[in-house]
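Below is one structure, written out as structure tokens; comments come after it.
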Amino acid sequence: MRWLKHGYLGLVYLLLYLPIAVLVVFSFNASRNPYRWQGLSLEWYARLWDNDALIQAAANSLLLASSAATLSALIGTLTAIALHRYRFRGKRVLNGMLFVVMMSPDIVLAISLLVLFILLGVKLGYLSLLLAHVTFCLPFVVVTVYARLSGFNAQIIEAARDLGASEWQMLRTVLVPIIFPAVMAGWLLGFTLSLDDVVVSIFVTGPTFEVLPLRIYSMVRLGVKPEVNALATVLLTLSLLALLASQYFLARK
Amino acid sequence: MKLRAPFRTGVVALIWAWMLLFVFLPNLLVIAASFLVRDDVHFVRLEGSLQSYARLLDPVYASVFLDSLGMALTTTLACLLIGYPFAYAVSRLPARVKPLLIFLVILPFWTNSLVRTYAMKLLLATNGLVNQALLGVGIVEQPLRMLYTEGAVIAGLVYVLLPFMILPLYAVFEQLRADLLEVSSDLGAQPWRTFRYVVLPLTMPGVLAGCLLVLIPAVGMFYVADVLGGAKHLLIGNVIKNQFLDARDWPFGAAASILLTLAMALLLYAYYLSARMVRRRSGDDALA
């Protein structure tokens, strides 16, 4: 029974990691043929480095993901605080709308925003991408921060207010420090979602601002390209490093 | 109290404005567009019509819709069958290895899903590694045609979406009290009966949540169908994307999107009903 269980776990992990392992190994392949191993080479990394359009797209993606994550972390945190602390009209409707955004398929959100941008005459590019990405990241930040807010003892807040702190002082010195890890987690989630998004971006992107996933999409749609292997390996390494760094900082807190 | 009111008003106004402008209004526009007529210059002409909905009934599109739903459901079932025993097995391991094992499930999620889809393509191609392995071992004589089939699309979807199934299942298994299983077997229940009447009802919320988290993205991930299914095996997402970006038929794309939304809303409602039922039942007997 025991070996069966462990064997099964091993098999699932193998399935999860085999494709990624193949990508990484073949990124060092000397051959143009993506299926036959012909010795070590860094050729594809060199090509990657020379591909200016790709580097530009990667830079654009990082800019977009960090700004979208920051903006949605900011608005999402404020929203979570409002939903948790204040009573206001239409709170249930607002909750419902956030839930709808989280649960509706990306493609539905994407076309609705495309129609909006065209109608309002918003030029498709960085701005339209930013607005769209913030919109689909928001609910995830709200949920993450709200969970943290409901998890701690609300009497701390009452105590701060009773001791004479203004609402603003209380927010700054008590509430924000407490929820800060959740805000960071929300930021990280938004950053990942934004960096990974293909479905929404393809609709609201414009010729002036190309993002990495769409660049990769046009590369892999037709045939296989060894440069993509090298790119995937670089991305994997970067996200691993980012993950380790975030774990390190969270553990130190 | 001085700052409370302006701060509160400001925050509430900001989030309301954002949701109205970027969620409510756009969806209203899509609904409106679906009842209009396509126009080559301005995308839509202000002329009421039900022709887009009528076209959805066209056997060509109806079959794409059903096929796509079928692929998404098969993907969900496959994820459940792989993920359920997996989440159970991980949850029964010693506490010190569990975080690492779950971290290893989340890690692929951090690689771009497009890149992972591409990795599947490398494996499944006619001269790809799976075929090379099968030929090498001698299981097959001719390379199998795996790429550009419905199976390839489903395999890609399962690969990309599996973590979304495993995580909620793991969460419910973590909360499943081991003593309940002991009680059940002490009272003479066979393992199958314990599973059927204790484990399954208690883990149902995780099953339902996981199924939704897999099913909802699965209908829309047009790039998986593009890369692994070629032009033949389309998802609803491909149809909507083609109408908006290639054919420029907004009303038809909008109608397809509304049909998709309705189908998903129905599923969410079913989820809500069954979750309520599970809560009531588990509240009554299993945890009493």
Query - Candidate set: the stretch A:156-172, residues that are free of Cβ contacts under 8 Å to residues at least 12 places away in the same chain and part of a helix (DSSP H, G or I); chosen: the one nearest to the chain's Cα centre (by Cα) - result: A:R172
Query - Unmet requirement for B:Y148, which otherwise passes all of (1) in a helix (DSSP H, G or I); (2) within 30 Å of B:I106 (Cα to Cα) - result: (1)
Query - the stretch B:111-152, residues that are in contact with a His (Cβ under 9 Å, 6 or more places away or on another chain) and within 22 Å of A:P226 (Cα to Cα) - result: B:Y148, B:A152
**Report entry** Selected residue [free of Cβ contacts under 8 Å to residues at least 24 places away in the same chain and either outside any helix (DSSP H, G or I) or within 13 Å of another protein chain (Cβ to nearest Cβ) (or both)] from B:V41, B:V90, B:V30
**Finding:** B:V41
Report task. Go over the candidates A:L130, A:L124 one by one and state the one that is in contact (Cβ under 8 Å) with a residue 60 or more places away in the chain, surrounded by fewer than 21 Cβ atoms within 10 Å (Cβ to Cβ) and either part of a helix (DSSP H, G or I) or not hydrophobic (A, V, I, L, M, F, W, C) (or both). Result -> A:L130
Query raised in the report: Does A:I111 satisfy the criteria of being surrounded by 15 or more Cβ atoms within 10 Å (Cβ to Cβ), β-branched (V, I, T) and in contact with a Lys or Arg (Cβ under 9 Å, 6 or more places away or on another chain)?
Result: yes
Requested in this report: Please go through the stretch A:173-201 and pick out each residue that is of a type in the set (D, E) and not in a helix (DSSP H, G or I).
Outcome: A:D197
Query raised in the report: Right, B:I106: more than 10 Å from every other protein chain (Cβ to nearest Cβ), within 25 Å of the chain's Cα centre (by Cα) and assigned to a helix (DSSP H, G or I) or not?
Result: no
Report summary line: Scanning the stretch A:82-105 for residues that are touching a Phe, Trp or Tyr at 6+ places or on another chain (Cβ under 9 Å), open to solvent by 10 Å² or more (accessible area, probe 1.4 Å) and under 17 Å from A:V141 (Cβ atoms), the one farthest from the other protein chains (Cβ to nearest Cβ) turns out to be A:H84
Report summary line: For A:V224, the lone unmet condition from (1) part of a helix (DSSP H, G or I); (2) within 11 Å of another protein chain (Cβ to nearest Cβ); (3) among the β-branched types (V, I, T) is (1)
**Report entry** Residues that are among the polar types (S, T, N, Q), open to solvent by less than 60 Å² (accessible area, probe 1.4 Å) and more than 19 Å from A:L15 (Cα to Cα), drawn from the stretch B:118-154
**Finding:** B:T149
Query raised in the report: Which residue pairs have Cβ atoms closer than 7 Å, lie 6 or more positions apart in sequence or on different chains, and pair a first residue in the stretch A:31-50 that is within 13 Å of chain B (Cβ to nearest Cβ) with a second residue that is part of a loop (DSSP other than H, G, I, E, B)?
Result: A:S31/A:Q38; A:P34/A:V224; A:Y35/B:A125; A:Y35/B:N127; A:Y35/B:G128
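The values are calculated or read from the model by the stated rules, or taken from the named source; none is laboratory data. What you are looking at is a predicted structure, and each value in this text was computed from that prediction instead of being measured. Cβ: placed from backbone, ideal geometry, glycine included. Neighbour counts: every protein chain shown. When the accessible area is computed, the model is the full protein with side chains, heavy atoms only, and any ligands, DNA or RNA have been set aside. Shrake-Rupley method; radii C 1.70, N 1.55, O 1.52, S 1.80 Å.
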